[in-house]
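Engineer: Can you read through this structure? Questions will come right after.
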Amino acid sequence: MTDSYDLVVIGAGSGGVRAARMAATYGAKVAIVEEYRVGGTCVIRGCVPKKLYVYASRFSELFDVASSFGWQVDASFDWPTLVANKEKEITRLEHAYTSNLEKPGVEVIKDRAVVTGPNTVHLHGQGRDLTAKYILIATGGTPFIPKIPGADLAITSNEAFDLPALPHSILIEGGGYIAVEFATIFAGLGVHTTIIYRGDCLLRGFDEDLRRGLEAGLTERGIKLIYQTTIKSLHKDGDDIAATFSDGVTAPYGAVMFATGRAPNSHGLGLEELGVKLTPTQAIAVDAYSQSSVPSIYAVGDVTGRSALTPVAIREGWYFAETVFNNKPMAVDHSLIPTAVFSEPELGVIGLNELEAATHGDIDVYLARFRPMINTLSTRTERMVLKLITEKDGGKVLGCHILGPGAGEMIQLVAIPMGMGASKADFDRAMALHPSAAEELVTFKAPSYTYRNGEKVGG
Ligand code: NDP
């Protein structure tokens, strides 16, 4: 076995695996080094188990409305069954990822790697060095934990999937993706759930109507929201954890979870010593082709701080391989990325929100709010929100924002016409599909309100 490669990838997550496979397909001799499990955050302790737990938590919602359709359901939930079945599925995926790497000839090395030179990587456990024409850092991110007394008593999303038992109650700090997704998972599984957030409405940066709709939806599901407050300290209180807040209040919870953001995994890799430039948030600074300030070292995925989303990391890994090993320089377009928050209610978003769009020129806003059909036989009053934002002149669609059942699936498809530069007239040409929620997007008649010279008009 030789220790000399065309490419050594550090981190076998979404971005690293795609880059390694593609580079090997183009004939490169590739090794990928991973210290934990092949698959990375997305497969092992992120998107995949999260979505499975979201499905688990949504049954309670369906049981709630079932009686309005004539069903009587006597249901109970068993946490260990969910954890065990999740583990089986991610183990299957881990094996599939490993064999997909090995098929084109990528060598998978389970070890901790440190970069010791522009073309050398040291394997910590095995104590040997690899040389490589190129090194790709794809080490992802790690939960950020506020430095407060007792912080070690809390969990993060890393531990949440494998708790030995469901807590009777949970306090989740943060107002982003992970906080709201896990809040709806825990609440749906019957845990008394509280979100504590330093801001005044969840999901900062998202469309205001969606944020308010989400807030109402979470509250309707019994999730308690505490705003403009942070956790100052944690201590043991019998079997519980007592949290003391910035307003002086102390309250006990069965578990406390930090969902206060994720930091790029750039430390301890030897990068600072080598002079690899980092951004102020400690992400690896890269150009449009994912090349760092050291020409032989590239980086993709969350460690670059561009967009912490799996499909983006995959695309960056793919384009890196095209650029470096297929002589086809390709830069990822980060401008139109669809995103979903798998909370309950769910959000799907692409493009500009109306406040951003209004700073670019005059815009029209088309807004629909209605009860999703699944709720119409029950007493549930929750409303779905669909919003289309277009340029006044020419009608180019600048943003689409959806809250409610299927929002994520819908927004993936809206990404296609938007990527083609579609206008409102293009949406209108599509025949409506009835009865569906998505038909609202192609049947808007007149704007609900507009922005002229940056000022809202009507609505
Ligand atoms: P986010 O950046 O989405 O949210 C972090 C939250 O923590 C924000 O509300 C932030 O407040 C708050 N916060 C940050 N620092 C502190 C602090 N010191 N004290 C108190 N609160 C703090 O991060 P997440 O961890 O939720 O998710 C990380 C990333 O992972 C996401 O941005 C997303 O890219 C990705 N992700 C995507 C998912 C999906 O596609 N469905 C699911 C999960 C994660 P403030 O708003 O004031 O800044």
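Engineer: At 1.4 Å probe size, put Tyr53, Tyr36 in order of accessible surface, largest to smallest. Provide the component values of the computation, followed by the final result.
Structural biologist: On the way: Tyr53 5, Tyr36 105 Å².
Result of the area sort, largest leading: Tyr36, Tyr53.
Engineer: Could you work out how far the C-alpha centroid of region 141-187 sits from that of region 370-384, in angstrom?
Structural biologist: 30
Engineer: Report the Cα centroid-to-centroid distance between region 218-267 and region 399-447 in angstrom, as an integer.
Structural biologist: Taking the Cα centre of region 399-447 as reference, the centre of region 218-267 is 38 Å away.
Engineer: Heavy atoms only, 1.4 Å probe, whole protein assembly: order Lys29, Lys103, Lys445 by accessible area, highest first.
Structural biologist: Working: Lys29 85, Lys103 155, Lys445 175 Å².
Correct descending sequence by accessible area is Lys445, Lys103, Lys29.
Engineer: Go through region 167-230 and name the GluC sites (Glu not before Pro) that are in a DSSP coil and have 15 or fewer other Cβ atoms within 10 Å of their Cβ. Intermediate results must be reported in sequence, preceding the final value.
Structural biologist: Values: sites: Glu173, Glu181, Glu208, Glu215, Glu220; in loops: none.
In loop regions of region 167-230 (DSSP not H, G, I, E or B), there are no sparsely surrounded GluC sites (Glu not before Pro).
Engineer: With every protein chain left in place, what is the accessible area of Ile226 in Å² (1.4 Å probe, nearest 10)?
Structural biologist: 30
Engineer: Pairs Lys387/Lys456; Lys51/Lys224; Lys86/Lys224; Lys29/Lys51; Lys50/Lys277: which exceed 26 Å Cα-Cα?
Structural biologist: Details: Lys387/Lys456 15 Å; Lys51/Lys224 23 Å; Lys86/Lys224 28 Å; Lys29/Lys51 35 Å; Lys50/Lys277 33 Å.
Flagged as over cut-off: Lys86/Lys224; Lys29/Lys51; Lys50/Lys277.
Engineer: In what order, largest first, do His267, His192 sit by accessible area if the probe radius is 1.4 Å? All intermediate terms of the calculation are to be shown ahead of the outcome.
Structural biologist: Values: His267 100, His192 135 Å².
Listed by decreasing accessible area, they come as His192, His267.
Engineer: Under the rule of -39500 (n - 2.57) per DSSP H run of 4 or more residues, summed and divided by the residues of the chain, what mean residue ellipticity at 222 nm is obtained, to the nearest 500 deg cm²/dmol? Don't skip to the answer; put the middle values down first.
Structural biologist: On the way: 12 runs with 135 residues, N = 459.
The helix-only estimate for the chain comes to -9000 deg cm²/dmol at 222 nm.
Engineer: For region 159-294, what % of the accessible area comes from carbon and sulfur atoms, probe 1.4 Å? Numbers along the way, then the final one.
Structural biologist: Values: 2990 of 5720 Å².
Reported share for carbon and sulfur atoms: 52 percent.
Engineer: How high is the FRET efficiency from Ser293 to Thr379, r the C-beta distance, R0 60 Å, rounded to 0.05? Before the final figure, lay out the partial values.
Structural biologist: Numbers: r = 60 Å, r/R0 = 1.00.
Once the sixth-power term is evaluated, E becomes 0.50.
Engineer: Counting only heavy atoms of protein chains, what accessible area per residue, in Å², does the chain have with a probe of 1.4 Å?
Structural biologist: On the way: 20890 Å² over 459 residues.
So the chain comes to 46 Å² accessible per residue, rounded to a whole number.
Engineer: OK, next. Taking R0 as 35 Å, what FRET efficiency do you get between Asp426 and Thr359 from their Cβ-Cβ distance, rounded to the nearest 0.05? Provide the component values of the computation, followed by the final result.
Structural biologist: Details: r = 24 Å, r/R0 = 0.69.
My answer for the efficiency is 0.90.
Engineer: Given labels modelled 7 Å from the Cα in the Cβ direction, how far is it in nm from Asn326 to His95?
Structural biologist: 3.0
Engineer: For the residue pair Leu62 and Tyr227, what label-to-label distance in nm results when each label sits 7 Å from Cα along the Cα-to-beta-carbon direction?
Structural biologist: For the pair Leu62/Tyr227, the computed spacing is 3.4 nm.
Engineer: Just to compare against my own numbers: the Cα pair-distance distribution for the chain, 10 Å bins, whole % per bin, please.
Structural biologist: Here the calculated profile for the chain is 4, 18, 25, 26, 19, 7, 1, 0.
The values are calculated or read from the model by the stated rules, or taken from the named source; none is laboratory data. This structure is a prediction, so every number in the text was calculated from the model and none was measured. Because the Cβ atoms are built from the backbone with ideal geometry, glycine has one as well, and the counts that use them run over all protein chains shown. With ligands, DNA and RNA removed, areas are computed over all heavy atoms of the protein, side chains included. Shrake-Rupley method; radii C 1.70, N 1.55, O 1.52, S 1.80 Å.
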